[in-house]
Amino acid sequence: MTREQAITAEQQQRVQSLSPRALILGLVLVIAFTVAGCFCVFLRYEIIGTGYLPRGAVAILLLLLLWNAAVRRVARRLELKPPELALIFVMLMAMGAIPGQEFAQHVYLNQLGLVHYTLPEIAPPDLYLDQLNPLLVPDVNREAGVIKWAYEGLPPGQEVPYRSWVRPLLVWTPFWFALYWVILCFTAIMAPRWEEQEKVLYPLVQVPVELAEPVARTGGPLLKNKLLWGCFGFSVLLYVIKGLHTYFPGVPDLNLQRDAGIVISGGPLSVYNRLPLHFYPEMVGIAYLLTAEVGFSIWFFYHLQLLETAVRQAFGIWTNHYQFFEFQTAGGYVVLGLALLWSARRHVGTVVRAVVGSGEDPSDPRNPQPYRLATFGLVLGLIFIFYWCTEIGLSLGWAMVQYLLFPLVSMVVARVVCEAGMFIYSSPFRLNDMIFNVFGAHRIGAQNVTLMTMTSWAQIRSTATQNMPAIFQGFKMGSMAKLNRPQLLGAMFGAVCLAILVSHATSPYVIYKWSIPKLGWWPRGSSLGTVTRLVSFLKSPHEMTWGNWGALGLGGVMTLFLVGMRQRFTWWPFHPLGFVAWIGWPTSRYWLSIFMGWLAKVVVVRFFGFATFRKLRPGAFGLILGICFILTVWIVLHFVWEGPTLIIE
C-alpha cells in the first residue's frame, strides 16, 4: 500500500480549507486595524500592533470568543470555529506592525523629511537631494505645498494633497509588495524544518491556539480556568491603577518601569547604575513557558555584557562600549544565520530537488507545502527587488549585499522570537548601517548610501519588530489549526498588501490634518533624526578599526563555540540566542521579568514536577492576556479621553 493510499478519509478531512467568511472578516478587521493603528502611532505613539503577539489582535480574539459565547445557544451557525479564529488571528499577526514600527511610522514621514530638511545647516541639497531620483518623493522642492503643508498645516480649504503622493507610492509599492513576498516565500521554505524536524517551541503561539481550542492541554476549556482569570485580573489591575494615575495624581503610581538609581558612586562597577528594573507581567508569563536554558541565557548574557563593560572600564576603556557589543552581535548574527542554514541544508536540498522534479515532495500529502510556489516566488521576488533597485539608481552590487543579507538577519530575529519568546525584538543593529560601517560609506558612494537608507525604511529600519518572525508564527499556528498551507500563505500576503494600501490612504490624512509638529513625541522628530543620521554617514563616514574587526570576529567565534557546545553536550546551559540578544532596548527592559519567569519555572519543576508546571501554565497565559487586553482598552479610551501613553516602546 502506498503512503497516499494509507491515509484515511478522516485524516484527509483534518486539513481545513480557509473559510470564506473568516477570510472576509479577517480582511475587514485588517482594514479597521490599520486605520486605528495609523491614528494611534501618529497622534500619540501608541502602537496597537505592538509585539509578536500583537496586543490589539489578542484583544480582538478575546472579543470573538465572547461573540462565540453569546451566539452559541441562540444561533450556533454564527459561531466561529477554532480554525476560523486561527485564520483571523494569523492575518492580523502578519500585518499587525505595518501601521506602526515596521512601515507606516517611517516611510511617509521620512520621504517628507528627506526634502524638508535640505537646509545648509542640516543637509545641503548637493549632499544627496540633487542626485536623488525625483520619482521617489512627493516633490524635490522643499517649498512645494505637499512638503510645506505637512510641517506647517493645511491652508484653509485645502484638501490633503493625495495627488502629489500618487507617483511616489506607485513607484514604491511594488517594491514593498516584493519585499514582503520574499519574506513569506523564504519562511514558507524554512518553517517546516523548524516545526517538524527541530521542534522549535514557539511559546507565543501557544497562547492564541490554546485560547481558541475547546479543550486546552490542561484538560478543560482554558477560558474556564480560575488561575487564568486570576492572573488576568492581576495584570489588568496593575495597568488600571497605572492608567488612572495619569488622570488622577492622587491614585498611587506603581512605577512598573523603574531603575536601580545610583548604587555605586564611581569606578568600573558604575555600569550597574540606573540598571533597568522593569516589570512586565506578559514577559514573566512568556519566560515561564520557555525552556529553562533559553530563559536563563537571555538574562545571563545581558549581565555578562554589563560585566564586560565593567572590565573594559577597569582597563581604562570608557568609550564606544555599545559599538563594541554591536559589532560582536553582528558577528554572532552572521555565524548563527549560517549555522541555521547549514543545519537545514538537507531540508533545503530536498525541497530544491522536489521543485525541479528530481526528487519526492517531502511535504505531507494531507497538507502539501507550497514549496514550488515559495521557491520560484523567492527567486523571482529577489530578481525583481534587484531590478527595481537598479532602476531607481542603486548599484546592483550593493542592492544584492543588502537584500541577500536581509533574510539571514531576519531569520536570526525570527529564531530569537520563535524559540526565546521575545515579545518585542529586532536586530540590535540596522543592517544598512552595519554595511556602511563595515565597507565604508565613502566607498559605497553618497547615492547608494541614500538609496540603501530609503529602502531600509520598510523592515530594516524597525527597532522593535520585523515581519519574518510573525510569518514563522503564522505558519506554525496554521499547522496547529490544520489550515491549508498554500491558502494560508495567500491569506497572509493579502493581509499585508491590504494593510499597506490602507496605510497609503490613512497616513497622509493624519499627517496633513494635524501637521507633523502636532503629532506624537516620536513621529514629530523621527524624520529629522533620519536625515541627521544619513548626513553623519555621508559627511563623517566610519572607518573600521582593528578593535571593530576584533569585536566582529570575537562575536562570530563566541557564537560558533556556543552552537558547537550546545550540539555536543545536552547539559550545556548557555544558548547562543542569549548571546545574540544580549544588547538592545527590549532585552534591557525585559531582563528582570525574564529572570522572574525563568526562576518560577525552575522552582516549580525542581520541587513540584512537570505535572504542576503544566497545571500552572494557564496562569502564564493569564498574565499575557491581561496585558494585551487592558493596554488595548486604554488605547481605545484615549481616542475619547485623551491621556499619555502608558508604555513607551
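The values are calculated or read from the model by the stated rules, or taken from the named source; none is laboratory data. This one's a predicted model, so the numbers in the text were calculated from it and none came from an experiment. Methodologically, a virtual Cβ is constructed for each residue, glycine included, from the backbone with ideal geometry; neighbour enumeration extends over all protein chains shown. Calculation scope for accessible area: heavy atoms of the full protein, side chains included, ligands and nucleic acids excluded. Shrake-Rupley method; radii C 1.70, N 1.55, O 1.52, S 1.80 Å.
All of Ile424, Ile392 fail the test of being open to solvent by less than 30 Å² (accessible area, probe 1.4 Å), β-branched (Val, Ile, Thr) and at pLDDT below 95, apart from Ile424.
The numbered conditions (1) surrounded by fewer than 24 Cβ atoms within 10 Å (Cβ to Cβ); (2) free of Cβ contacts under 8 Å to residues at least 40 places away in the same chain; (3) of a type in the set (Val, Ile, Thr) are all true for Val107 except (2).
Met190 satisfies every condition listed in (1) touching a residue at least 60 places away in the same chain (Cβ under 8 Å); (2) surrounded by fewer than 21 Cβ atoms within 10 Å (Cβ to Cβ); (3) outside any loop (DSSP other than H, G, I, E, B) except (2). Here is the figure for region 554-609: residues that are at pLDDT below 95, surrounded by 16 or more Cβ atoms within 10 Å (Cβ to Cβ) and among the polar types (S, T, N, Q) total 2.
Among residues of region 505-532 that are farther than 18 Å from Gly153 by Cβ, none has a beta-carbon under 9 Å from a residue that is of a type in the set (S, T, N, Q) and open to solvent by 50 Å² or more (accessible area, probe 1.4 Å) at least six positions away or on a different chain.
Only a single item in (1) over 30 Å from Val146 (Cα atoms); (2) of a type outside the set (D, E, K, R); (3) assigned to a helix (DSSP H, G or I) is not met by Leu201, and it is number (3). Screening region 261-277 for residues that are assigned to a loop (DSSP other than H, G, I, E, B) and touching a helix residue (DSSP H, G or I) at 6+ places or on another chain (Cβ under 7 Å) and picking the one that is nearest to Pro644 (Cα to Cα) gives Val263. Here Pro155 fits the description: assigned to a loop (DSSP other than H, G, I, E, B), open to solvent by 20 Å² or more (accessible area, probe 1.4 Å) and either of a type in the set (D, E, K, R) or out of contact with any Lys or Arg (no Cβ under 6 Å at 6 or more places or on another chain) (or both). Could we say that Trp176 is open to solvent by less than 30 Å² (accessible area, probe 1.4 Å), aromatic (Phe, Trp, Tyr) and either over 30 Å from Val146 (Cα atoms) or out of contact with any His (no Cβ under 6 Å at 6 or more places or on another chain) (or both) here? Judged against the criteria, Trp176 is a match.
Looking only at residues in region 353-372 that are open to solvent by 70 Å² or more (accessible area, probe 1.4 Å) and modelled with pLDDT of 90 or more, the one that is nearest to Pro486 (Cα to Cα) is Arg372.
Scanning region 69-82 for residues that are out of contact with any Phe, Trp or Tyr (no Cβ under 9 Å at 6 or more places or on another chain) and either open to solvent by 30 Å² or more (accessible area, probe 1.4 Å) or outside any helix (DSSP H, G or I) (or both) yields Ala69, Ala70, Arg72, Arg73, Val74, Ala75, Arg76, Arg77, Lys81, Pro82. Out of Val416, Val409, one residue alone is open to solvent by 10 Å² or more (accessible area, probe 1.4 Å) and of a type in the set (A, V, I, L, M). It is Val409.
For region 210-230, the condition holds for at least one residue, the condition being that it is within 22 Å of Gly56 (Cβ to Cβ), among the charged types (D, E, K, R) and open to solvent by 50 Å² or more (accessible area, probe 1.4 Å).
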